[in-house]
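Undergrad: Just passing along the structure, written as structure tokens.
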Amino acid sequence: MDCLRELEGKHAHDPLFEKITRVFVPGPVIVGAGPSGLAVAACLKDKGVLSMVLERSSCIASLWQLKTYDRLRLHLPKQFCELPLMGFPTEFPTYPTKQQFLHYLESYAQMFEIGPRFNETVSHAEYDKVFGFWRVKTVGKKLEETEYVCRWLVVATGENAEAVVPEIDGMGEFGGDIKHTSYYRSGEEFTGKKVLVVGCGNSGMEVCLDLCNHSAKPSLVVRNTVHVLPREMLGQSTFGLSMWLLKWLPVRLVDRFLLTVSRLMLGETARFGLDRPELGPLEHKNLTGKTPVLDVGTLAMIKSGDIKICPEIKKLKRHTVEFVEGKTETFDAIILATGYKSNVPSWLKEGDMFSEKDGFPRKPFPNGWKGECGLYAVGFTKRGILGASVDAIRIAEDIERCRNEEAAPCDRSVLMKSPPPPPLSFSCLEFDLQRICRLKN
């Protein structure tokens with residue numbers, strides 16, 4: 001506690017810090033109030049450790065609430081998307097809707113009394129080697145600045161912090177609507193219009209289907225190879241079946257099985273302009289992080305010609321798209337289903353744990369959750385909510401261990417409440433995530 005007072009006294013006489021409000025946090029600071037940040041806060045609370053969650057938006061799970069389309073459902077069965085210590089309501093369907101998932105997250109935050117500080121954007125975070133604390137600076141809605149000083153820092157801004165908007169020659173000349181999927185809500189506004197969707201991942205495929213359902217005329221730009229699998233096979237979810245098979249078989253045999261069943265159910269996708277990668281879907285996912293597309297009806301629309309497959313764009317002209325093979329076609333609008341990226345390098349000033357190139361931990365899963373000097377990462381596994389939940393449990397366990405082992409820089413009674421109840425079962429963790437996650441009960 002003495003070093004905290006020394007730091008506060010030093011800055012009290014420094015004119016550079018006069019306009020900054022300083023807050024000393026006895027527990028961890030968590031940056032991001034999405035599912036990953038909520039999971040860490042809940043796991044810490046369960047162990048009697050209070051944390052502070054900082055969120056740049058005005059709500060929890062802002063990506064889900066503000067930047068997703070209306071028809072969105074979880075692509076995986078709900079048991080693979082549960083956060084630690086609390087399952088989905090039994091009455092929820094196998095694939096909950098966007099609104100049902102948000103209701104689950106709100107209930108989760110209420111259950112663990114997680115109250116993020118909203119509208120606080122982290123502008124700078126750096127470890128102070130002299131005093132042994134993290135200093136996290138934020139900018140509020142009215143441009144007010146606050147600096148949080150803490151022993152532990154959890155980066156929970158995730159893989160999808162910023163939209164990826166590619167530079168296409170002639171974008172300024174197109175004249176029609178060009179928007180990223182983060183601004184797309186429904187195909188209703190595009191009824192009767194020709195729309196070009198760029199990107200053939202799960203979002204791009206589902207947006208095309210939504211456009212078809214609203215009587216639009218979508219075309220899909222396919223720039224790379226892609227694995228398309230049925231969402232369910234043999235009466236089971238494809239993901240769940242894959243996880244079960246990986247307990248007994250090597251990845252390549254499971255991939256061979258998935259591709260065989262997919263060809264029987266969907267046909268040869270290359271015939272429709274969707275070439276598959278050379279590696280199988282699971283191997284390709286492990287190597288590149290690219291998730292296979294789980295088909296929910298889009299492929300049938302491609303087969304029927306309701307969705308047209310197009311090559312890569314060369315340039316744009318007035319309501320016209322020129323493709324790389326030379327053909328041109330007119331469109332009313334373009335939707336960019338080009339994904340998201342991490343924004344960690346823009347605010348976290350450290351060069352060891354996170355790559356400055358892509359903003360992901362340098363160490364691959366399952367070893368990327370912990371850095372040096374009390375720095376942690378959650379939600380960067382490229383394995384969805386299940387991967388984030390695995391890391392959240394590990395982070396909470398490690399912070400609890402550090403708190404108990406180290407000479408704490410502040411009074412532990414501030415951190416502790418009454419003894420926590422025994423952890424509830426977390427069914428997702430009973431699955432061996434491709435044989436690389438083993439958690440102690």
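The values are calculated or read from the model by the stated rules, or taken from the named source; none is laboratory data. Because the structure is predicted, anything quoted here is derived from the model rather than measured. In this analysis, Cβ positions are derived from the backbone assuming ideal geometry, glycine residues included, and neighbour counts consider all displayed protein chains. These accessible areas exclude ligands, DNA and RNA; they are computed on the full protein's heavy atoms, side chains included. Shrake-Rupley method; radii C 1.70, N 1.55, O 1.52, S 1.80 Å.
Undergrad: For region 19-70, what does the alpha-carbon gyration tensor say about shape, rounded, prolate or oblate, given a ≥ b ≥ c as the root eigenvalues, a/c under 1.5 as rounded, and a/b over b/c as prolate?
TA: Numbers: a/c = 4.47, a/b = 1.37, b/c = 3.26.
Note, shape of region 19-70 comes out oblate.
Undergrad: How much of the DSSP beta bridge set in region 110-241 is antiparallel, as a percent to the nearest 5?
TA: Details: 15 of 20 bridges.
Percent antiparallel among DSSP bridges in region 110-241 is about 75.
Undergrad: Given Cβ point charges of +1 (Lys, Arg) and -1 (Asp, Glu) and nothing else, what value in debye, to the nearest 20, does the dipole of region 162-204 about its Cα centre take? Walk me through the numbers on the way to the answer.
TA: Details: 4 positive and 7 negative charges, 46 e Å.
About 220 debye.
Undergrad: For region 186-334, state the semi-axes of the equivalent ellipsoid (square roots of 5 times the eigenvalues of the alpha-carbon gyration tensor), sorted largest first and rounded to whole angstrom. Intermediate results must be reported in sequence, preceding the final value.
TA: Numbers: eigenvalues 194, 55, 28 Å².
Output for region 186-334: semi-axes of 31, 17, 12 Å.
Undergrad: Still on this structure: Could you pull the accessible area for Met243 with a 1.4 Å probe, rounded to 10 Å²?
TA: Result for Met243: roughly 0 Å² accessible.
Undergrad: A further question on this structure: May I ask you to give the solvent-accessible area per residue for region 113-237, in square angstrom, as obtained with a 1.4 angstrom probe? Intermediate results must be reported in sequence, preceding the final value.
TA: Working: 5480 Å² over 125 residues.
Ligands and nucleic acids excluded, the result is 44 Å² per residue.
Undergrad: Alpha carbon centre of region 384-401 versus region 294-317: separation in Å?
TA: 39
Undergrad: What do you reckon, how do Phe118, Phe190, Phe131 stack up by accessible area (1.4 Å probe), largest on top?
TA: On the way: Phe118 75, Phe190 5, Phe131 30 Å².
Sorted by accessible area, descending: Phe118, Phe131, Phe190.
Undergrad: When averaged across all projection directions, what area in nm² does the alpha-carbon convex hull of region 28-165 cover?
TA: Values: hull surface 39.2 nm².
Projected over every direction and averaged, the Cα hull of region 28-165 covers 9.8 nm².
Undergrad: Here's something else I'd like to know. If you average over every viewing direction, what projected area does the convex hull of the Cα atoms of region 274-405 give, in nm²?
TA: Over all viewing directions, region 274-405 projects a mean Cα-hull area of 12.0 nm².
Undergrad: Counting other Cβ atoms within 10 Å, keep those with at most 14, restrict to DSSP loop, and tell me which chymotrypsin sites (Phe, Trp or Tyr not before Pro) in region 212-305 are left. Write down the numbers at each step before the final one.
TA: Values: sites: Phe239, Trp244, Trp248, Phe257, Phe272; in loops: Trp248.
Filter output for region 212-305: Trp248.
Undergrad: How tilted is helix 384-405 with respect to the longest principal axis of the chain? Cα atoms for both, answer in degrees (0 to 90, nearest 10).
TA: Compared with the principal axis, the helix lies near 10 degrees.
Undergrad: Going from the alpha-carbon gyration tensor of region 204-257, what semi-axes, largest first and in whole Å, does one get by taking the root of 5 times each eigenvalue? Display every interim value, and only then the final one.
TA: Working: eigenvalues 193, 42, 8 Å².
Largest first, region 204-257 gives 31, 14, 6 Å.
Undergrad: To continue, here is another question. Give or take rounding to whole Å, what are the principal axis extents of the alpha carbon atoms in region 335-374, in descending order?
TA: 42, 23, 15
Undergrad: May I pose another question? For a 32 Å ceiling on Cα separation, which of these pairs sit above it: Lys137/Lys317; Lys193/Lys382; Lys285/Lys370; Lys141/Lys317; Lys98/Lys303? Provide the component values of the computation, followed by the final result.
TA: On the way: Lys137/Lys317 44 Å; Lys193/Lys382 35 Å; Lys285/Lys370 23 Å; Lys141/Lys317 39 Å; Lys98/Lys303 28 Å.
Listed pairs above 32 Å: Lys137/Lys317; Lys193/Lys382; Lys141/Lys317.
Undergrad: Any idea what log10 I(q)/I(0) is at q = 0.14 Å⁻¹ for the chain, Debye with uniform C-alpha scatterers and no solvent?
TA: Here log10 of I(q) over I(0) equals -1.34.
Undergrad: Using a 1.4 angstrom probe on heavy atoms only, work out the carbon and sulfur share of the accessible area of the chain in %. Could the numbers behind the result be given before it?
TA: Working: 10720 of 21100 Å².
On the chain, the fraction of accessible area on carbon and sulfur atoms equals 51 percent.
Undergrad: Radius of gyration and Dmax for region 232-313's Cα atoms, expressed in Å?
TA: According to the Cα coordinates of region 232-313, Rg and Dmax are 13.7, 44 Å.
Undergrad: Where Lys and Arg each count +1 and Asp and Glu each count -1, what net charge lies around Phe257 among other residues with Cβ under 14 Å from its Cβ? Display every interim value, and only then the final one.
TA: Numbers: positive: Lys247, Arg252, Arg256, Arg263; negative: Asp255, Glu283.
Summing Lys and Arg as +1 and Asp and Glu as -1 gives +2.
Undergrad: Same structure, new question: Per residue of region 240-251, what does 6.51 cos²θ - 1.76 cosθ + 1.60 with θ = phi - 60° give for ³J(HN,Hα)? Whole Hz please, x for Gly and Pro, Karplus curve as stated.
TA: With coefficients 6.51, -1.76 and 1.60, one gets x, 5, 4, 4, 5, 5, 5, 6, 10, 10, x, 4 Hz.
Undergrad: Another one. Are there any trypsin sites (Lys or Arg not before Pro) in region 247-305 that are in a DSSP loop and have at most 16 other Cβ atoms within 10 Å? List them by number.
TA: Numbers: sites: Lys247, Arg252, Arg256, Arg263, Arg271, Lys285, Lys290, Lys303; in loops: Lys247, Lys290.
Those that pass, being in a loop and sparsely packed, are Lys247.
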